[in-house]
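Colleague: Structure in structure tokens, see below.
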Amino acid sequence: MEVCCDLEVDVNGEETFVVDKKIIALYSGKLSKLFGKSKGTAKNIKVVFNDFPGGAKSFELMSKFCYNGGRIEIAPSNISLLHCAAQFMEMKNSVSANRNLLEQTEKSIEEMSYWTWSELLITLKQCQVLLPASDSSGILEKCLDSLVGRLSLTTEMSPCPSTSSPDSSGFRFSCDTKSTESLKTVSSRATWWFEDLLVLSPVLVEMLVKSMVSRKFDHNTLSRFLFYYHKSKFFTVSSKEKCKIVEIVINMLYILDQNCVSCKSLFGILRVALNLKIDKSSRNKLEIMIGLQLDQATLDNLLVPSPYGMNYLYDVNLVLRFLKAFLRNGFGQISLVRLRKVATLMDLYIAEVAPDPCLKPSKFLALMMALPDSSRDSYDELYRAMDMYLEVHSGLSEEEKMKLCCALNFKKLSAETCVHLSDNTKFPSKSAVQALISQQLRLKSLLHDTGNSKSNADFPCKAMEVGKKIEKDEADGQVVLYAGKLDHSAENENLKANLQGMQWRVMELEKICRKMQEQMAKIMKSRVPSHNHTRSLPRLCS
């Protein structure tokens, strides 16, 4: 066949090839149809391709196939280029069925299960350069399926971690059958492929993880891989690529079982995401994942600096969103243990942000009231935080101070805290009265119950006398609730005196109980069993 260079082909602006029009058109349906429609007898024709998959390298491989009479060596290193070029150039029909490039590449793809692990990775790496052509042609999907299938087999068969990749059969079998295998070895066997898959782009990682989730891969392993991928790739790419990596890692972590996702690692992603312009959807997913595990967080995790342009120290709104996510499933589905862990954490956080002079009362109040009352046994820590806040924000009005005091459950303040509050001029006088009255009622109820439970016939005489004395004193005492205007200073002093007296009585009673328990223990140790009679012992206070 006479060869003449009568066709110029501009490939994506990268390079211009001068080829024989008849030879190329013989194998390419696209060019054959194009030249069939052209009119005239122009000898030199120029074709411009702006979207040729694989660019100049791919076109050159395709041209070699045509010039070699429909023959070329197809290997994992070039199969994706040839396959995408064959589809683009519509190389389905040719002078011989055996010389159909598309059929030849598809036949090689069917033999993918016999490729080595390294060959599979080479093809995958090339496919990501050819996107979206490789996706539409189907070769990417088949390659990913083969990879996931290979990982599924090797995970079940315990692949040897000592080698960088499986052997030519696609996987290795462990020769170590000892039951005493260390956990570290087991872990490395499950994660041997992490390093190899760093060559994949974020888009391919997303496709890969979705496929692995659908095949019921272990979510703990997938979570560890995503964090490893983020940590390994993040600091070596551009800002735009960083955003893409963070978004895809967040989106993939979100579809996993959240019990398998490390709270500490999520905060690590949050720290870097704060300086990136990731999309709102990914940011919301990250905050929800952190919120659902808020009981595992630490104070340092929550001390996130405020966004740029804001004058307050820490991002209080972010923590409020965490709390909202934590409570979103309803109180009935959150154990009391977890709820109280979060309350303890929030008490520490509130105390940390309280001295911030720029923190608005509304935000401080929102933090204090974010959790239900059942999450705290004591409100002493909240009181101390509020004391610091009022110290810094001395210019608040009485009305604003009273709004803040509404967050305190006075019944859950200790006696010492109530006494401190009554002398604390930073707090409204009404709140001091409420605290003392609440404490007096609580102690009165406690003493009444204690007196009733211990004035039994078998209780020692000394305890009975003390109990009677307490009952008599309480009968003489009064608890007065005021509906009108109060003389707060005089009332506070009376309440404090009454409260301190009641505290002293409780302490005396507790001493008697402890002494009796010690005496009872000695009696039990020295007691000798008798067959003739049994001895009735007095019941002690519990």
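Colleague: Work out from phi, with θ = phi - 60° and the Karplus expression 6.51 cos²θ - 1.76 cosθ + 1.60, the ³J(HN,Hα) of each residue of the range 57-68, listed in order in whole Hz, and give x for Gly and Pro.
Modeller: These are the phi-based 3J(HN,Hα) values: 4, 5, 5, 5, 4, 4, 5, 4, 4, 5, 6, 8 Hz.
Colleague: Can you compute the FRET efficiency between residue 218 and residue 60 using 1/(1 + (r/R0)^6), with r the Cβ-Cβ distance and R0 = 51 Å? Round to the nearest 0.05. Don't skip to the end; give the middle numbers.
Modeller: On the way: r = 44 Å, r/R0 = 0.86.
Between residue 218 and residue 60 the formula returns 0.70.
Colleague: Give me the net charge of residue 284's neighbourhood, meaning all other residues with Cβ under 14 Å from the Cβ of residue 284; Lys, Arg count +1, Asp, Glu -1. Walk me through the intermediate numbers first.
Modeller: On the way: positive: 280, 283, 285, 321, 324, 328; negative: 247, 279, 287.
Around residue 284, the surrounding residues sum to +3.
Colleague: Still on this model: Lys and Arg at +1, Asp and Glu at -1: add these up for the other residues within a Cβ distance under 12 Å of residue 328 and post the number. Before the final figure, lay out the partial values.
Modeller: Details: positive: 321, 324; negative: 287.
With Lys, Arg at +1 and Asp, Glu at -1, the neighbours total +1.
Colleague: Here's another thing I want to ask about it. Taking only protein heavy atoms into account and a 1.4 Å probe, give the accessible area per residue of the range 6-135 in Å².
Modeller: That works out to 51 Å² per residue.
Colleague: Still on this model: Show the residues, 5+ positions off or on another chain, whose built amide H is closer than 5 Å to the amide H of residue 413.
Modeller: For residue 413, the qualifying residues are 379.
Colleague: Any chance you could run the full-extension gain for residue 374 through residue 153? It's 0.36 nm times the residue separation minus the Cα-Cα distance, nm to one decimal.
Modeller: 74.6 nm
Colleague: How big is the range 216-353 along each principal axis, measuring the range of its Cα positions in Å and listing the largest first?
Modeller: 44, 40, 22
Colleague: Taking θ = phi - 60°, what integer Hz values does the Karplus form 6.51 cos²θ - 1.76 cosθ + 1.60 yield along the range 230-247, in sequence order, with x for Gly and Pro?
Modeller: 4, 5, 6, 9, 4, 8, 10, 10, 6, 4, 5, 5, 4, 4, 5, 4, 4, 4
The values are calculated or read from the model by the stated rules, or taken from the named source; none is laboratory data. Only a predicted model underlies this, so the values are computations on that prediction, with no experimental measurement involved. Every residue, glycine among them, receives a Cβ derived from its backbone with ideal geometry; neighbour counts consider all protein chains shown. For accessibility, only protein heavy atoms count, side chains too; no ligands or nucleic acids. Shrake-Rupley method; radii C 1.70, N 1.55, O 1.52, S 1.80 Å.
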